[in-house]
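Worksheet: the structure to be examined is printed underneath.
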Amino acid sequence: MEEQNTQLYEFLERLGKPGCIFIDLRTPEEYREGHLAGAANIPYDDLEGTMGQLNKENQFFLYCDRGNVSLMACRDLKRAGYKVTNLWGGVYALLKAFDRMDQKFVDMVWKKN
């Protein structure tokens, strides 16, 4: 559990940094319910068709609901030569961790539309 928390904080530290692109692989409906600030919504089923538009110079941070879909997407992107990081546990892990974080921080990084 401690290792997962460390990975989660390292993941969030990169949010908003130059060259760090966050991709939410969930459906548009799930994305609207809540997502990381600045994350692009590219559903997993659309990723292959948009892969050629992604700059390989960037570091990509992928997440989904529980981390399984994003793990598959990471595998696909790595094979194609992209630098990627998966959020273990996905949104589920994020929301659990948010319960232990300062609400001002959570409001800065988690957006709903």
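For region 83-95, state whether one or more residues are of a type outside the set (A, V, I, L, M, F, W, C) and more than 17 Å from Thr6 (Cα to Cα).
Yes - at least one qualifying residue is present in region 83-95.
Restricting to region 11-63, count the residues that are surrounded by fewer than 18 Cβ atoms within 10 Å (Cβ to Cβ), of a type in the set (A, V, I, L, M, F, W, C) and free of Cβ contacts under 8 Å to residues at least 24 places away in the same chain.
Final tally of qualifying residues: 1.
Would you call Phe22 outside any loop (DSSP other than H, G, I, E, B), modelled with pLDDT of 95 or more and touching a Lys or Arg at 6+ places or on another chain (Cβ under 7 Å)?
Answer is no for this residue.
The values are calculated or read from the model by the stated rules, or taken from the named source; none is laboratory data. The model shown is predicted, which means the values in this text are computed figures rather than measured ones. Note that we place each Cβ from the backbone using ideal geometry, even for glycine, and neighbour counts take in every protein chain shown.
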